[in-house]
Structure formats: structure tokens, C-alpha cells
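The values are calculated or read from the model by the stated rules, or taken from the named source; none is laboratory data. None of these values were measured; they are calculated from a predicted model. Cβ sites come from the backbone with ideal geometry, for glycine too, and all protein chains shown count toward neighbours.
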Amino acid sequence: MLLKLDNELKQVLRTSIPLVVVELVSSLYSLTDTYFVSGLGQEALAGLGISSYILMLFQVFNTLFTIPSIVFTSQGIGSGNKDQAKSAVGEVYLRGLLFIGVLSIIWYIMADDIVKIQSGVKGLTFQYAVSYLKVRVGGFIVLYTTMVLDSIIVASGYTMYSLIANSLGLILNIILDPIMIYGYIGFPPMGVTGAAIATVISNTITLPAQLFYLSKLHLIPRIMLGFNYVRGEIDLGLPAFVERFLFALGNNIYAGIISRLGDAVMAAHNVGLRIESLIYMPGFAFSMTASALVGRYVGQGELSRAKEIGWRTAILGSLLMGLLGVAIGSTGYYLVKPFAPSDEIRYLSSVYLAFAGFSELGLGIAMVISGAFRGAGNTWVPMVTNVVSLICVRVLLSIILVNYLGVIGPWSAMFIDVYVRGVVLAILYKLLFDKLARKVI
């Protein structure tokens, strides 16, 4: 049986459960911002949603360096070449630091234009979006560093360390958000800008904890300037980057379609998306688990075990997401109440959650199998599948259906898209895994 609780499945659970909580912690960052910002009105909520989509696009650039880091580390541990993995990741990290640093400066300068192009909003909503975006971009180097360090910890299998480090940041964010947004204990009220500052400070606090745990694991990267691993970095990182960049770009087009339907619609979409993240962010946990465990077995040359553990991780992760999705999709009207400043936003948010909740099974399959392919050293298959479906199903259908169904059109297109991706990736995995997996270290 695929879900028989044997040693292999216990290994999946030991790795995944802390990561699920880590991803819930990441979701709570956004949900905390949404909760406290909702008191500022629908323009603030809409602005936060717009800037969040743009930040998703920016974070994709980190993929160029985090995906190679997790594959180098997991396969290095599996093959017994931990020192080589540390050198590879250190080289990758330094190149990324320089690259992301330059991009951050460009993004900060162009923030106003980027918001205009993405959403077309004006007035208060525009001001809120730009102010939040600039602060977050100002702290982007910190975010990049935490993501690389976290990818190493996850690849090691000691995911509880990742949970502890990220939880410290969340606790601080929950404390700082109301203080900086509304101005308590002597701080001036900073509104949406305060929410962004609180998040940057909270990200920073995770760094010492991550370095402490990497020291215990003897996995601190050897920071070095070199080109020994640049080919492997490009082979692994570039397809994953192209996939996630086009995916994030498509999602920004998708968000732009929705934002042009009005502030209330965008605010409702943002509220629904933040609550949905409590379901889909755990999908990232199972995806990373699949990458780490599949990568370890591929590093050992055991392709059949790699394929089996990847498939079982996908089944477990997608079933969990599907069950949670049904629960949230069925109770959305009550869940959105604390975050919705008006009845209209509450109603629209609950409709979004109905579509999103019942799509989580398909999304889970797509996310986890994509992670398994990446751990197996193949980032091209998930790239092509996810991008083609996003553009041909979600974006194109949204553009067509929005004219007839309003916001229901894009939400319906989203629902269809995730099931198309899930089915296609599952078929490819079952039929072609042995031919597509490869060792990279």
C-alpha cells in the first residue's frame, strides 16, 4: 500500500511535518500583515495584495541559487561528498548575493513604474502598494540569505531546525506589526510601511539561528569566488528560474486582470489568497521533502527507491492539501470575517476560497511531483509543464472569461489550471522518471 506506515513513510513524515509547520509560519507572516492592515481599509488591503504579487515575482530570482543549493546539498550528503557540497553552495551563494544586490537597487528605483504596469491602480491604493514594496525590496538581500540557508537545512533532513529559526521570526513579526502599523509604545504610526518594516526585521532575526544550526550540522557554506560549479548551477537553477519567473509573471498578469475589477475585488482576492496559503504553503513543504529525499536516493544511485519515495510523498501531500482545501472551501464565509472590512469583501473572499479550496488536490499533486523531479536533477519537466498550463489555461482563459463572468472567470481558470498540471505531471512521473533522473554531484 502506498500509505502503509513503514520506515520509508516515517522518513517522509519526519522530514515533512516540521516543514509543514515552517510553511504555515511563512503563511502566518502574510496573514498577520493582512489582519493588521485590514484595519486601514480596502485600499490598504488592495495595495498589500498588489505588492505581494510583485514580490512573488522578485523572489523567483532567488530560485537561481536556492534550487542548486538544495540539490547540491542533498545529493552531496547522499553520495558522501559533504565537503564538496559546502564548496558548491558557498560559490553559488556569493554569486547570488552580488546578483540579487544589483537587482534590489534597480527594483527600488523602478518601484513606482512596476506597480503602475502591473495593476494600473491610482490614489491611495497606489501609494500603499509602492511604500510596502520599497521597504521589502530594501531588505531583499536578507530574505535571499535566509532562503539559501534554509534550503541547506532542509536538504540535510534536520527540518526541525528550520522550524525553530522561522518561528522566531514569526513571533517577532506578530509583536512588531501592530506596534509599527498603528504606533504603540512610543513608535509613530507607519501604516502599511510599518508592516513591511516589521517583516524585514523579523526576517533578519532568523539569520543567527540558521547559522547556529548549520554550524551544528557542519554545513556552513564555504564562501568563495570561483566557477567550479557554475555549469551545474545553471543546469539546475536556470530551468527552475524560467519556470517560476514565467509562472510568477503569469500570476501577475492574472492579478492585474483582477485588480482592474476594482479595489474591493482585489482586496477580497488578497484576503482569500492569504487564508488559502494556510493550505498551499504546506505543499511547498512536501515539495521540498520530495526534492531532499529523492535527491538523496539519486545521489546513492538507487533510482527505484527515489521514484517510490517521491510518489508516496506526492500522494501524502496532495491528500492532506485536498482534505484541508475541502474544509476551508466549505467554511470560507466564517474564516474571512476577521480580515474583511466590509460585507462585499467578505462575500467575495468566501467565493474565492470555495474555488481555491476544492482545487487543492490538483495543486498538491503538481507541487510535490515538481519537487520530486527537481530533486532527481531534472528541472526542465516541471518548468515546461507548469508554464505551458499557466499561460494556455489560467491566463488565456482568464482574459476570455472575465468579460462574461467577471471575477468568477479568472477564479474558474485557476481551478482548471491546477488540475491540468497535476494530471500531466503525474503521468510523466510514472512513465518517464527513470529516464529523466540524473546525478549532478
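Put simply, of 312, 374 the only residue that is part of a helix (DSSP H, G or I), charged (D, E, K, R) and buried (at least 24 other Cβ atoms within 10 Å of the Cβ) is 374. I'd like to know if the stretch 336-357 contains one or more residues that are in a helix (DSSP H, G or I), free of Cβ contacts under 8 Å to residues at least 60 places away in the same chain and of a type in the set (A, V, I, L, M, F, W, C). So far as the stretch 336-357 goes, yes, one or more of its residues are in a helix (DSSP H, G or I), free of Cβ contacts under 8 Å to residues at least 60 places away in the same chain and of a type in the set (A, V, I, L, M, F, W, C). If the condition is being of a type in the set (Phe, Trp, Tyr) and more than 20 Å from the chain's Cα centre (by Cα), then the stretch 407-435 contributes 429, 433.
The residues in the stretch 70-106 that are polar (S, T, N, Q) and under 13 Å from residue 230 (Cβ atoms) can be counted, and the count is 1. Filtering 141, 153, 174 for residues that are surrounded by fewer than 18 Cβ atoms within 10 Å (Cβ to Cβ), under 20 Å from residue 20 (Cα atoms) and in contact with a helix residue (DSSP H, G or I) (Cβ under 7 Å, 6 or more places away or on another chain) leaves a single hit, 174. Residues in the stretch 95-110 that are assigned to a helix (DSSP H, G or I), of a type outside the set (Ser, Thr, Tyr) and modelled with pLDDT of 90 or more: 97, 98, 99, 100, 101, 102, 103, 105, 106, 107, 109.
Note on the stretch 101-127: residues that are touching an Asp or Glu at 6+ places or on another chain (Cβ under 6 Å), crowded, with 19+ Cβ neighbours inside 10 Å and either more than 27 Å from residue 257 (Cα to Cα) or not polar (S, T, N, Q) (or both) total 0. Give the stretch 89-117 a look and list any residue that's more than 17 Å from residue 154 (Cα to Cα), touching a residue at least 40 places away in the same chain (Cβ under 8 Å) and out of contact with any helix residue (DSSP H, G or I) (no Cβ under 9 Å at 6 or more places or on another chain), or say none. The one that is more than 17 Å from residue 154 (Cα to Cα), touching a residue at least 40 places away in the same chain (Cβ under 8 Å) and out of contact with any helix residue (DSSP H, G or I) (no Cβ under 9 Å at 6 or more places or on another chain): 94.
The single condition from (1) crowded, with 22+ Cβ neighbours inside 10 Å; (2) under 30 Å from residue 372 (Cβ atoms) that residue 217 fails is (1). Determine whether residue 358 is under 25 Å from residue 260 (Cβ atoms), modelled with pLDDT of 90 or more, over 18 Å from the mean Cα position of the chain (by Cα) and not charged (D, E, K, R). Answer is no for this residue. The residue of the stretch 415-441 that is nearest to residue 76 (Cα to Cα), among those that are in contact with a Leu (Cβ under 9 Å, 6 or more places away or on another chain) and at pLDDT below 90, is 440.
Scanning the stretch 242-292 for residues that are among the acidic types (Asp, Glu) and either outside any helix (DSSP H, G or I) or surrounded by fewer than 24 Cβ atoms within 10 Å (Cβ to Cβ) (or both) gives a single hit, 263. Residue-level check: of (1) surrounded by fewer than 22 Cβ atoms within 10 Å (Cβ to Cβ); (2) free of Cβ contacts under 8 Å to residues at least 60 places away in the same chain, residue 146 misses just (2). Applying the criterion of being of a type in the set (Phe, Trp, Tyr) and not in a helix (DSSP H, G or I) to the residues of the stretch 220-241, the residue that is surrounded by the fewest Cβ atoms within 10 Å (Cβ to Cβ) is 227. Every listed requirement among (1) surrounded by fewer than 21 Cβ atoms within 10 Å (Cβ to Cβ); (2) in a helix (DSSP H, G or I); (3) more than 19 Å from the chain's Cα centre (by Cα) is met by residue 301 save one, (2). Filtering the stretch 83-100 to residues that are surrounded by fewer than 17 Cβ atoms within 10 Å (Cβ to Cβ) and within 20 Å of the chain's Cα centre (by Cα) leaves only 97. Figure legend. Inter-residue proximity from the stretch 75-88: first residues at positive phi, second residues among the aromatic types (Phe, Trp, Tyr) and in a helix (DSSP H, G or I), beta-carbon distance below 8 Å, spacing 6+ or different chains. No pairs are indicated.
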